[in-house]
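What follows is one structure encoded as structure tokens, with my remarks underneath.
Each value in this text was obtained by applying a stated rule to the coordinates, not by laboratory testing. Small disclaimer: the values here were computed from a predicted structure and weren't measured. Here Cβ is always computed from backbone atoms with ideal geometry, including for glycine, and neighbour counts include all displayed protein chains.
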Amino acid sequence: MSTKETLIRKLQDKSAKIGILGMGYVGMPLAVVFAEAGFHVLGIDPDQRKVDTFNKGVSYIQDVPTEKVVHLQKDGRLNITADFAALKEMDAVSICVPTPLRHTGDPDMSFINSALDQLEKYVHKGMIVVLESTTYPGTTRELMVPKLTDQSGLQVGEDIFLCFSPERVDPGREDWTTLNTPKVMGGITQDCAEVATAWYGGAIKTVVPVSSAEAAEMAKLLENTFRMINIGLVNELAIMCERLGVDVWEVIEAAATKPFGFMKFTPGPGLGGHCIPIDPLYLSWKMKEMNYNARFIELASEINTNMPRYVANRVLDAMNDRGKVLKGSKVLVLGVAYKPDIDDVRESPALDVIALLKKKGAYVSYHDPYISQIHHEKEGWRMETVKDVMKAVEESDAVVIVTNHKVYDYKAILDSASFIFDSRNALSKIAKDDPKVVKL
Ligand SMILES: NC(=O)c1ccc[n+]([C@@H]2O[C@H](COP(=O)([O-])OP(=O)(O)OC[C@H]3O[C@@H](n4cnc5c(N)ncnc54)[C@H](O)[C@@H]3O)[C@@H](O)[C@H]2O)c1
């Protein structure tokens, strides 16, 4: 039996040992899906706090209930360690490490590089490695292949199998999860994709094989660039509508009644999260290397990046219209997570909205039921959430809704606030033409 056939058999009868490098928002739900499908899964993460929390039987990822973790742990199907030497026992490894940007805006490949450094030590014949971290096109072939073959002498497609499969998880979402969201899979060779499809197909409902790792890398960048550009478009539409004196939210709702050829996106205070503001810049960085300027990405990025400033200026203008000065006023920001109902503040526009309001002299506080502390790295300040949201609303000169968490009692907030700037149209149903409220 060839190496490929042996590995496929192990993956199909679930005797293959699965390793997940990076047990964060992406790695943990993926590990759970594999474990629930019957594999023995080991998460490997250098963050000792995550390992300790897991070992106490507590889930540190909002989308993964603690009961599930405890059950899988007791069953011996899911474990976690900070010891990379465990990689030598693994038959199949998914890499789910962060891919942020450097301060210069260039891709920060240090986490992928360090994961590959570890894998290089333990890679062995009969192993499959799937890279899931979002990255620039060419990473799998240009970075992963030499790293795992140069020293080991192993042949891709014969001894080891290397693929890229983009992660599409949308944290907080319940209808589309890691289990039922189709998984695109691109191999360095056809055999690589076949082995990966046998593995992932045993746990995830739909696997969509494509002809190359590059096609899979690029598919992910298309998805996120599509979102980023359309959000940039509606953000600019909001700016244009304000000048025209037209309600942008009404315009969007009206356009969205068209049953075909239109997809609804909504404006907001800027882009946040680990993906949409960042991933397209991986593509534009790669294109710059090839002397091509990715103009749509640059333009949308410029518009989206400017939204926190636009919101801060609108708050200032709206207060001015009410005979109030922002400088010295108490402003409460409601919601700092980058999107509703989650506990993730990475790249959240709330941080810049707060920083800009502070620079204009406002006394800013914030409330978020899911985020107890925030830290603005560039500006060097930290803040803690106010505990009593309604008291803070009553005491504020202005409330700025940045994230429209469902748990808020918007009626009570509307009744108690003296002025609200609603950057998410959170009050659409209860505050039609209320002079207290100004919408983006
Ligand atoms: N969060 C999302 O919604 C989302 C969605 C789709 C794609 N992605 C992509 O998935 C990747 C992971 O994102 P995430 O949100 O899970 O990040 P995360 O920060 O939540 O988790 C990454 C984990 O990797 C660990 N880690 C760092 N270096 C490591 C190493 N050398 N070896 C093993 N583990 C290491 C970290 O300690 C952390 O626990 C990124 O490329 C991201 O762009 C994220």
Completion exercise
Summed over the other residues with a beta carbon less than 14 angstrom from that of Leu222, with K and R at +1 and D and E at -1, the charge totals 0
Handout entry: Local electrostatic count, Val184, Cβ distance below 9 Å [Lys/Arg +1, Asp/Glu -1]
Key = +3
Exercise for the section: Go through 173-181, 94-102 and give me the packing order, highest mean Cβ count within 10 Å leading. Expected result: 94-102, 173-181
Practice task
Taking the dipole about the Cα centre of the chain, with the C-beta of Lys and Arg at +1 and of Asp and Glu at -1, give me whichever of Ala203, Met228, Ser152 is farthest to the positive side.
Solution key: Met228
Practice task
Could you list which residues have their amide H under 5 Å from that of Val333, counting only those 5 or more apart in sequence or on another chain, with H placed in the peptide plane?
Solution key: Ser365, Tyr366, His367, Val400
Handout entry: Filter on Lys264/Lys432; Lys4/Lys147; Lys359/Lys429 - keep pairs with C-alpha separation over 25 Å
Key = Lys359/Lys429
Practice task
For Arg295 paired with Lys359, estimate the spin-label separation in nm (one decimal), with each label point 7 Å from Cα along the Cα-to-Cβ line.
Solution key: 2.9 nm
Practice task
Would you mind counting up the charge near Ala213? Only other residues with Cβ under 15 Å from its Cβ, with Lys and Arg at +1 and Asp and Glu at -1.
Solution key: -2
Practice task
Sort out for me the Cα centre separation of region 240-257 from region 329-345, rounded to whole Å.
Solution key: 25 Å
Exercise for the section: Could you sort 136-148, 4-16 so that the peptide with the highest average Cβ count within 10 Å comes first and the rest follow in order? Expected result: 136-148, 4-16
Completion exercise
Once the in-chain neighbours fewer than 8 apart are removed, the lysines whose Cα is under 26 Å from Lys56 read Lys17, Lys68, Lys74, Lys88
Exercise for the section: Give me the distance in nm between label points sitting 7 Å out from Cα along the Cα-to-Cβ direction at Lys17 and Asn320, one decimal. Expected result: 6.6 nm
Completion exercise
A student applying the Cα gyration tensor rule (rounded when a/c is under 1.5; otherwise prolate if a/b is larger than b/c, oblate if not) would label region 3-211 rounded
Exercise for the section: Can you grab the distance from the C-alpha centre of region 18-76 to the C-alpha centre of region 375-431, Å, no decimals? Expected result: 34 Å
Problem - Globularity index of the chain, i.e. its alpha-carbon radius of gyration over 2.2 N^0.38 Å - result: 1.07
